[in-house]
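Q: Provided herewith is a single structure, encoded as structure tokens, for subsequent inquiry.
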Amino acid sequence: DTDYWSVEARAAQYFPTFMEPVPQTLILLARAGTMDSFNSNAVPLFDRYFLGGPNTLRGFGYRKVGPIDATGEPLGGNSYGFISAEYAFQVAPIIQLAAFYDGGFVNTGTSDFSMSDYADNWGLGMRILIFGAPMRIDYGMPITDPNNNGGNGRFWFSFGTRF
């Protein structure tokens, strides 16, 4: 049994930019959230906020951005913020190429939106439409890595959109 509250806001917008010489789109995402327990117990590890992976910070390992313990294992946090900008252009009827920038932070405190542990990355990707669903292939490279766990970059293969 868990006894906690959480508030989260998410926004996404697609902006068609140019149609000639090929269709192009700017995609912006923003997310933020905070949580806390109703009693003196901590929010369970599996319910905390994490960043890193194919749908958030693509230059980092899955759930690797944020507070860590003494052994380097992710602890998650009670507050987070995330932004992403992606520019995609169509090169064939079912293929798009994209360049992206992702940034965000995870903090242990409730309503702690300090950006002191901000991590960000940039990268390149390809979108292939398969049976109406986008297959995403991305390679993200860390720019700022407060925990030094991003490495030299990450390759991600996933299906669907990032909503």
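Q: Say whether the condition of being more than 17 Å from the chain's Cα centre (by Cα), open to solvent by 40 Å² or more (accessible area, probe 1.4 Å) and among the β-branched types (V, I, T) is met by at least one residue in region 116-128.
A: So far as region 116-128 goes, no, none of its residues is more than 17 Å from the chain's Cα centre (by Cα), open to solvent by 40 Å² or more (accessible area, probe 1.4 Å) and among the β-branched types (V, I, T).
Q: Let me ask something else. Can you say whether T110 is over 26 Å from M141 (Cβ atoms), out of contact with any His (no Cβ under 7 Å at 6 or more places or on another chain) and β-branched (V, I, T), as far as the supplied structure shows? Talk me through it step by step, then tell me what you get.
A: Details: over 26 Å from M141 (Cβ atoms): yes; out of contact with any His (no Cβ under 7 Å at 6 or more places or on another chain): yes; β-branched (V, I, T): yes.
Spelling it out, T110 is indeed over 26 Å from M141 (Cβ atoms), out of contact with any His (no Cβ under 7 Å at 6 or more places or on another chain) and β-branched (V, I, T).
Q: Hey, another quick one. Please determine, by comparing only the residues of region 30-40 that are touching a residue at least 12 places away in the same chain (Cβ under 8 Å) and more than 17 Å from T161 (Cβ to Cβ), which one is most open to solvent (accessible area, probe 1.4 Å). Walk me through how you get there before you give the answer.
A: Of region 30-40, the ones touching a residue at least 12 places away in the same chain (Cβ under 8 Å) are 30-39.
Next, only the ones that are more than 17 Å from T161 (Cβ to Cβ) stay: 32-39.
Numbers: A32: 38, G33: 2, T34: 15, M35: 5, D36: 55, S37: 20, F38: 137, N39: 68 Å².
Filtering first and then ranking leaves F38.
Q: What's the total number of residues in region 10-63 that are polar (S, T, N, Q) and closer than 23 Å to N147 by Cβ?
A: 3
Q: Can we say Y14 is within 30 Å of I137 (Cβ to Cβ), open to solvent by 80 Å² or more (accessible area, probe 1.4 Å) and under 14 Å from the mean Cα position of the chain (by Cα)?
A: no
Q: In addition: Got a number for residues in region 129-152 being open to solvent by 60 Å² or more (accessible area, probe 1.4 Å) and among the basic types (K, R)?
A: 0
Q: I've got another one for you. All but one of (1) open to solvent by less than 30 Å² (accessible area, probe 1.4 Å); (2) over 11 Å from the mean Cα position of the chain (by Cα); (3) over 29 Å from S37 (Cβ atoms) hold for I94; state the number of the condition that does not hold.
A: (1)
Residue by residue, here is whether (1) among the basic types (K, R); (2) open to solvent by 50 Å² or more (accessible area, probe 1.4 Å); (3) within 17 Å of the chain's Cα centre (by Cα); (4) farther than 13 Å from V106 by Cβ holds:
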position	(1), (2), (3), (4)
L28	no, yes, yes, yes
A42	no, yes, no, yes
F46	no, yes, no, yes
G52	no, no, yes, no
G61	no, no, yes, yes
D69	no, yes, no, yes
G81	no, no, yes, no
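Q: Checking M126 against (1) touching a Phe, Trp or Tyr at 6+ places or on another chain (Cβ under 8 Å); (2) at pLDDT 95 or above: exactly one of these is not met. Which one?
A: Every condition holds for M126 apart from (1).
The values are calculated or read from the model by the stated rules, or taken from the named source; none is laboratory data. Small disclaimer: the values here were computed from a predicted structure and weren't measured. All Cβ positions, even for glycine, are placed from backbone atoms using ideal geometry, and neighbour counts span all protein chains on display. SASA here: full protein model, heavy atoms, side chains in, ligands and nucleic acids out. Shrake-Rupley method; radii C 1.70, N 1.55, O 1.52, S 1.80 Å.
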